[in-house]
Amino acid sequence: MDIPKNYDPKESEPKWQNYWIEHGIYKFNPDSDAEVYSVDTPPPTVSGKMHIGHSFSFSQQDFIVRYKRMKGFNIFCPFGTDDNGLATERLIEKLKNVKARDMSREAFVKLCEETLATELRPSYLADWKRIGMSCDWDIFYTTIDKHCQRISQWSFIELFKQGRAYRKEAPAMWCPECQTGISQVECQDKILDSHFNDIIFMVGDEKLLIATTRPELLPACVAVFYHPDDKRYQRFKGKRAKVPLFNQEVHIMPDERADPEKGTGIVMCCTFGDQTDMEWQKAHSLPIIEAISKDGKMTKAAGKYDGFPIKKARKNILEDLTAAGLCVGQKPIKHAVNVHDRCGTEIEFLTTKQWFIKYLDLKKEMLEWGSRLNWYPEHMKVRYEHWVKGLQWDWLISRQRYFGVPFPVWYCRACGIPLLAGEETLPVDPLKDKAPLRECPKCRSKDIIPEKDVLDTWATSSLTPQLSTWLYKDKPIFKKLYPMSLRPQAHDIITFWLFNTVVKSQLHHKKNPWKDVIISGHALDTLGKKMSKSKGNVVEPQKAIEQYSADALRFWAATSRLGEDLPYMEKDLVTGQKFVTKLWNASKFAIMHLEDYTGEKPGRLEEVDKWLLSRLSAVIKESTASFESYEYYQTKMLVENFFWHDFCDNYLEIVKDRLYNPEKRGKEARASAQYALYQGSLALLKMMAPIMPHITEEIFHLYFAGHEKAISGKAKSIHISRWPDPFFHDKNAEELGNLAVFALQKARKAKAEKNLSLKAPIKMMVLKGKPDAKDFEKVKDDLINAAFIEELKYSQLPKDSKIDFEADVVL
């Protein structure tokens, strides 16, 4: 058989990626009776190209999918892209050097759709195919396509009918940079340098010192609060304080939410600086003064600072306070500030009209829903629980953006009631489509206006189980698809994607969306730091694949447990590539000696061959158990260790003489070695196939596919062949094989210490072990030939000996 000397991943990997697609290797079969294993594949945000974190977490997901396919499941593994909302808008604006606000919405949406379809999405998907993802690429969706818009709008209408979707003018988190409302999950705590500024308020003729980090909110100050137990300020109860520079007088009141240990212990309430300000305003029916506009500038309420950006207003107000003797001290501090996760801008709290999903009343139920999921690793459930317990807001789902799923809503301009589209008309765009009614059913006004806002992208992404499985909603197979088997994802979006998907599924279907959840960690730089372009420590997976291979990159991803962050170490890819090379060379050796192999099990197996098969079966058993509990890294470690040490270092060396020189021991002894070599090589390929799919497919088709076809009639791909089962156990053979391996290693060590060739003869070896002398005879010839021993003396150790083996070597 003509086998290339070297394996070339640059040629092989694209070849097999195309082969898998052309031959439908990973296609879901809706007509199959096999048990379905359905995967809620994460739809990555279209951001130009795949990053190293994607290759890390998606590879780990694919290990599981490939294993389950080989176990005989009918795999439902769709692929989608998340390409609506703010992230896409920002990318298009950057690529095309435009601003959405400067274009008509229709023109900008068209630009987004065309750019995604022709420039971004095709190359983006190619990256995922390049790492060997085994999705059914024909089950594909984008979160902005008509199918997904229909489901997203249906969800909104259903929640409105349940009384959970509501519209309200109320304080909400707002990003001045993106100029849109945002939800709690889109905020990040960022530690920033700031100052506590000691500012003088006047209470009659008495000075009252209040510390604040935000003097620019003085024009919006509506009250002053102290803790009711704080004796320093109890005498001010019922009095009024004059706000410096702006001169409005505000009530001084006790409230337990004031922290005596923070600042000077007495605090101004502004509308709105934070969540506590909102609670105070509502609890005490305080007036609302808006000092900051939606674009992050001061309003007319700020007087001469009207139109100033926030930071400029802060600086100027502090200068004026100091000049007037009203700012009498500053203390540098570091404090956590809420910023928008998309752009890093400090958020504001503005009164706007927004759509919300009511769910704060369900916190107890949410904890119960989370407890019903099977979490891998289990401790990740704590993140879900902490999030639920810390929820303070209903889910804000409206966005003041341009490219997104439209709300299926119109309003009566006269009385404000919402008019919803009929489900049979979905999807709709109120800016282009006619309202469902010509006149308001309440006040009979014919002045109907469309909703301009779009749904938050997470309001659609939280429906990914429906977005994929509803492609089969009208077919019998649908009952097997939902709830889905698995949700794979990274730990940073438990509060985004996982939580909201659970909520949507429970509100719509009264059940969890999946059975199992596997949580991956993050890929870090070599120092264990988060990668970012600004730090210059970003690793591009495309370059890693080009330099090494996709299999080597996947090998690196398999070194990490679920949930663990993993530093990118190039040495791990080097190790992976060395494994590829060794697997190729070992397989070439095996195939060379299997050309005349008939596939039949010989009547008698040699003891060393039994040792290999027994060790192999143990590895198969442990590897299968590891995959069943999603511990793919354990399988990789077990198989890697078995391949290098048991198979290559020892077994192949021991049986070489029998394979090359059948006249010495006879054809039966060679046939025994061939049988073990075939079983061992094929099982190794199959166990590594989920992790390194390309090299294993290449070797499978060099030789093993033909034999598999003769046996089972199936040989299109190793990835749809059967996962190996444990098939052999012989404790006595394992003891004898371990003894032979020990003796071989002793011989190698003795030669290495004398700088001798491994083929150098050994004059005498005196070997001791637990097996009896009669049993030892079964491995004696193999050992003599492998270690080039001229005289071998063996004696049995006492059964109660504390050591298992002992050897002396005379060169």
In the list (i) 30.5, 98; (ii) 28.4, 93; (iii) 34.7, 115, the entry giving Rg and Dmax of the Cα atoms in Å computed from the coordinates is (iii)
SASA check, GLU11, accessible area w/ 1.4 Å probe, all protein chains in place, rounded to nearest 10 Å², comes out at 130
The answer for the chain, accessible area per residue at 1.4 Å probe in Å², is 44
Set Lys and Arg Cβ to +1 and Asp and Glu Cβ to -1, take the dipole of the chain about its Cα centre, and tell me which of THR559, ILE620, PHE788 lies farthest positive.
-> THR559
Considering the dipole of the chain built from charges on the beta carbon (Lys and Arg +1, Asp and Glu -1) around the Cα centre, which of PHE156, PRO724, VAL574 is farthest to its positive end?
-> PHE156
Mean ellipticity per residue at 222 nm, deg cm²/dmol - from DSSP H runs of n ≥ 4 across the chain, formula -39500 (n - 2.57) = -11500 deg cm²/dmol
Run the dipole for the chain about the Cα centre, Lys and Arg Cβ at +1, Asp and Glu Cβ at -1, nothing else charged, and hand back the magnitude in debye, nearest 20.
-> 1140
The percentage of the accessible area of the chain (probe 1.4 Å, all protein chains present) made up of carbon and sulfur atoms, to the nearest whole number, is 49
With R₀ set to 51 angstrom, the calculated FRET efficiency between the beta-carbons of LYS479 and VAL538, to the nearest 0.05, is 0.70
In nanometres, the difference between 0.36 nm per residue of separation and the alpha-carbon distance of ASP341 and ASP516 is 60.2 nm
Cβ-derived FRET efficiency at R0 22 Å, ASP649 paired with LEU811, nearest 0.05 | 0.60
Would you mind calculating the gained length between GLU114 and LYS94 on full extension (0.36 nm times residue separation, minus the Cα-Cα distance), in nm to one decimal?
-> 5.7 nm
Over the chain, what is the mean sequence separation of C-alpha contacts under 8 Å (at least six apart), divided by residue count, expressed as relative contact order in percent?
-> 14
Please identify the helices of the chain, taking whole runs of DSSP H, that span at least 30 Å along their own axis as judged from the Cα atoms and have a mean Kyte-Doolittle score of -1.0 or higher.
-> 570-592, 607-628, 667-688, 731-753
Approximate spin-label separation LYS300-PHE727, in nm, with each point projected 7 Å along Cα-to-Cβ = 8.6
What dipole magnitude, in Debye to the nearest 20, does region 1-84 give about its Cα centre under +1 on Lys/Arg Cβ and -1 on Asp/Glu Cβ?
-> 260
Taking a crude spin-label model, label points 7 Å out from Cα along the C-beta direction, the LYS664 to ILE417 distance in nm is 9.6
Taking amide H positions as placed 1.01 Å from N in the peptide plane, with prolines and chain starts having none, which residues 5 or more places from ALA165, or on another chain, fall under 5 Å of its amide H?
-> PHE160, LYS358
So how strong a dipole does region 642-707 carry about its Cα centre when Lys and Arg Cβ are +1 and Asp and Glu Cβ are -1, to the nearest 20 debye?
-> 280
How many nm is it between the label spots at GLU378 and GLU206, if each spot is 7 Å from the Cα in line with the beta carbon?
-> 5.9
How much accessible surface does VAL382 have with a 1.4 Å probe, in Å² rounded to 10?
-> 60
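The values are calculated or read from the model by the stated rules, or taken from the named source; none is laboratory data. Bear in mind the structure is a predicted one, so any value in this text is a computation, not a measurement. No Cβ is skipped: glycine too gets one built from the backbone with ideal geometry, and neighbour counts run over all protein chains shown. What goes into the accessible areas is simple: the full protein's heavy atoms, side chains included, and nothing from ligands, DNA or RNA. Shrake-Rupley method; radii C 1.70, N 1.55, O 1.52, S 1.80 Å.
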